[in-house]
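Notes for the one structure printed next.
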Amino acid sequence: MKGLMFNVNDKEAAKRIPPGQLLTQRFPVLHYGPVPKFDEKSWLFRVWGEVEAPLKMSWAEFSSLPRSKVKMDLHCVTTWSKLDTEWEGVSLNTLLELGLVKPKPEARFVIQHAEYGFTVNLPLAVVRQDNFLLATHYDGKPLSPEHGYPLRGVCGAIPGRLELKDVYLWKGAKWLRGLELSAADRPGFWERVGYHNEADIWLEQRRE
Ligand SMILES: Nc1nc2c(c(=O)[nH]1)N[C@H]1C(S)=C(S)[C@@H](COP(=O)(O)O)O[C@H]1N2
Ligand SMILES: [Mo]
């Protein structure tokens, strides 16, 4: 495959490659179905479920929220990895700190809801980590349509942050439209067709 590097000479970089993964310089596009069109007038970001009050934000409101940056290694279950990718967006912790989202004590899981009914599930504790972002920007620019414009969940590994749970890239929904906080876990689109529920990259939790 073009763009793959087969030798990782740098020992530090080698430690960042989980078992069964190969490095790529490219940024492959993977998803089911067509790329949705962004309609700013009808676009809403919602948070609902096990929260004190549901949240609804327009694109203008969402894009004026404080953003943070994070540099992460991406690991896709189809075996490509891409190091040092730069993301910018809103963290769930920011929504919590601003008091926009107040989880009820029973909230333990977050279901990301995207265009066309796509969903993906993660524990709330994982979505609150520094390696999960509600991303609006990649590499200093707004997301491209095929990578999730205008908003996506993105998850990766932050080098040296061994205490964090690291999950495969499919656990971030492109074209994200909302978060449902839930007391019970609920498998998403890929989990229902056999992808592993937990998706830990170091344990190679690819399929159930
Ligand atoms: N809405 C939506 N998001 C999705 C998917 C999808 O099918 N629909 N696929 C997931 C999968 S399987 C992967 S590997 C990543 C790929 O992200 P990328 O296209 O930016 O590389 O998106 C994830 N997010
Ligand atoms: Mo995937």
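Coordinate-derived values only; no laboratory data. Just so it is clear, the structure is predicted and the values come from calculations on it, not from any experiment. Quick reminder, even Gly has a Cβ in these numbers, built from the backbone with ideal geometry, and neighbours come from all protein chains shown.
Taking square-rooted eigenvalues a ≥ b ≥ c of the alpha carbon gyration tensor, is segment 1-110 rounded, prolate or oblate, where a/c under 1.5 means rounded and, failing that, a/b exceeding b/c means prolate? Don't jump to the answer; show the numbers that get you there.
On the way: a/c = 2.45, a/b = 1.88, b/c = 1.31.
Judged from the Cα gyration tensor, segment 1-110 comes out prolate (a/c at least 1.5, a/b above b/c).
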Gyration tensor verdict on segment 142-208 (Cα atoms; rounded if a/c is under 1.5, prolate if a/b is larger than b/c, oblate otherwise): oblate
Separation between Cα centres of segment 29-74 and segment 142-208, rounded to whole Å: 15
Candidates Asp84, Asp39, Asp139, ranked by Gaussian network fluctuation over the chain, Cα under 10 Å, top entry: Asp39
Given charges at beta-carbon only (K, R positive; D, E negative), |dipole| of the chain in Debye: 300
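Tell me the relative contact order for the chain as a rounded percent, counting alpha carbon contacts under 8 Å between residues six or more apart. Each step should come with its number before you reach the end.
Details: 430 pairs, mean separation 47.9, N = 208.
Reported relative contact order: 23 percent.
Got a sec? How would Tyr168, Tyr149 order by Cβ neighbour count within 10 Å, fewest to most?
Sorted ascending by nearby Cβ count, the order is Tyr149, Tyr168.
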Global form of segment 116-170, assessed from the alpha-carbon gyration tensor, a/c cut-off 1.5: oblate
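Convex hull over the alpha-carbon atoms of segment 39-192: what's its volume per residue in Å³? Provide the component values of the computation, followed by the final result.
Details: hull volume 17.5 nm³, N = 154.
Convex hull volume per residue, Cα atoms: 114 Å³.
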